[in-house]
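J.: Could you have a look at this structure, given as structure tokens, before my questions?
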Amino acid sequence: MKNTLKFSAITFIFSIGVLAQEIVDETLNTQVDANIPGVVAQKEIDNLDEQAKKLYYEFKDTVSEYEGLKRYDDQLEKIVFSQEDEIRDIIRQIDSLDNVNKEILPFLKETVDSLRKFINLDMPFLKESRIARIDDLDSIILQSNVTTAEKFRKVFEAYQLEAAFGNTIETYPGFIELDDQTITVDYFRIGRLGWYYRSANGRETGYWDKFNEAWVHTNGKLNDEIKLALDIANRQTPPNFISLPVQPVEK
């Protein structure tokens, strides 16, 4: 009897334990099921938070880019205003240059014409190349693609070159007509005081008579003097006294 009661008590306790475990399990399952919507909601909250942060940083980048573009635009605006002022100043200068050109171009033309007359009245040494230079100046003055400053510079250089002829000595080969024959000679010029020639064999020499505008042929009488002058000009001999006929500046 006692064993039966004991067995029944054990069975009852075991049944109660099983029932309690089932209640606990059911409670836990119910809690887990109740937490599922919370987990989903938390994930959505995390996603929204991540998107919000992303939008925030994008907004900050956009604002920063806008501020940079605004500063750049302000700088460009200042540059444009400055360039407009420069353009207006250049236009004023161009208008001024137009007025200057109206005055200086005729002056340059007169200057070139005067230089041409001077060359025609001067001793005719290197005359062809000197006149060709004047012809080039006449052509340049009429060219619209050459600046006024460049035209003025070329005319000034031509004047400087002509002026230098009066202070230099020069020798160069050439030809001369003598007794209906063309012979090869060496020319020697000393400033604008004298102009001479000598044939290769020294048999023919002469000097320019600027009053009669003609050559005076000396039949080799000036051979030694002119040869010495040529050697000095060509730096083949040291400088020395030269005895050559020189005409006065005025007749």
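Each value in this text was obtained by applying a stated rule to the coordinates, not by laboratory testing. All of these numbers come straight from a predicted model, not from anything done at the bench. As a convention, Cβ positions derive from the backbone with ideal geometry for all residues, glycine included, and neighbour counts pool all protein chains shown.
J.: Among the lysines, select those whose C-alpha is under 26 Å from the C-alpha of LYS43, and discard any that sit fewer than 8 residues away in the same chain.
T.: Within the straight-line limit of under 26 Å, LYS43 reaches these lysines: LYS53, LYS54, LYS60.
J.: Working out 0.36 nm times the residue gap between LEU244 and ALA164, then minus their Cα-Cα distance, what length gain in nm do you get to one decimal?
T.: Here the answer is 26.7 nm.
J.: Can you put PHE152, PHE211 in order of Cβ neighbours within 10 angstrom, beginning with the fewest?
T.: Final ranking by Cβ density, sparse to dense: PHE211, PHE152.
J.: By per-residue mean of other Cβ atoms within 10 Å, what is the highest-first order of 159-172, 71-84?
T.: Averaged packing, sorted descending, gives the order 159-172, 71-84.
J.: Additional query: Can you put VAL155, VAL63, VAL216 in order, fewest other beta carbons within 10 Å first? Could the numbers behind the result be given before it?
T.: Details: VAL155 20, VAL63 10, VAL216 14.
Listed from fewest to most nearby Cβ atoms, that is VAL63, VAL216, VAL155.
J.: Further question on the same structure: Report, in debye and to the nearest 20, how large the dipole of segment 167-233 comes out about its Cα centre when Lys and Arg carry +1 and Asp and Glu carry -1 on their Cβ. Before the final figure, lay out the partial values.
T.: Working: 7 positive and 11 negative charges, 43 e Å.
The dipole of segment 167-233 has a size of about 200 debye.
J.: Separate question: Please order TRP195, TRP215 by the number of other Cβ within 10 Å, starting at the fewest.
T.: Ranked by crowding around the Cβ, least crowded first: TRP215, TRP195.
J.: Which aspartates and glutamates, if any, have their Cα less than 12 Å from the Cα of LYS210, not counting same-chain residues under 8 positions apart?
T.: Cα-Cα hits under 12 Å: ASP122, GLU250.
J.: How high is the FRET efficiency between SER144 and TYR172 when r is their beta carbon distance and R₀ equals 51 Å, given to the nearest 0.05?
T.: 0.90
J.: To continue, here is another question. For a distance above 16 Å, tell me the whole-number percent of Cα pairs in segment 167-233 that qualify.
T.: Considering segment 167-233, 41 percent of its Cα-Cα pairs are separated by more than 16 Å.
J.: Tell me which lysines have Cα within less than 28 Å of LYS102's Cα, excluding those fewer than 8 residues away on the same chain?
T.: LYS117, LYS151, LYS154
J.: Could I ask something else about it? May I ask you to compute the full-extension gain from GLN75 to ALA200, defined as 0.36 nm times their residue separation minus their alpha-carbon distance, rounded to one decimal in nm?
T.: Taking 0.36 nm per residue and subtracting the Cα distance, the gain is 37.3 nm.
J.: Test of understanding: what is the full-extension gain from ASP136 to ARG88, defined as 0.36 nm times their sequence separation minus their Cα-Cα distance?
T.: 13.7 nm
J.: Moving to a separate point now. For segment 198-211, just list the computed ³J(HN,Hα) in residue order, Karplus coefficients 6.51, -1.76 and 1.60, θ = phi - 60°, integers in Hz, with x standing in for Gly and Pro.
T.: So the J values, rounded to whole Hz, are 8, 6, 4, 8, x, 7, 10, 9, x, 9, 8, 8, 6, 7.
J.: Moving to a separate point now. Around LEU76, under 14 Å between beta carbons, what's the net of Lys plus Arg minus Asp minus Glu among the other residues?
T.: Within the 14 Å Cβ shell, the charges total -1.
J.: Dipole size in debye (nearest 20) for segment 102-251 around its Cα centre, Lys and Arg Cβ +1, Asp and Glu Cβ -1?
T.: Using Cβ point charges on Lys, Arg, Asp and Glu, segment 102-251 gives about 340 debye.
J.: Hey, can you grab everything whose amide H is under 5 Å from the amide H of THR218? Only 5+ residues off in sequence or another chain; H modelled, so Pro and N-termini drop out.
T.: So THR218 has HN proximity to THR205, GLY206, TYR207.
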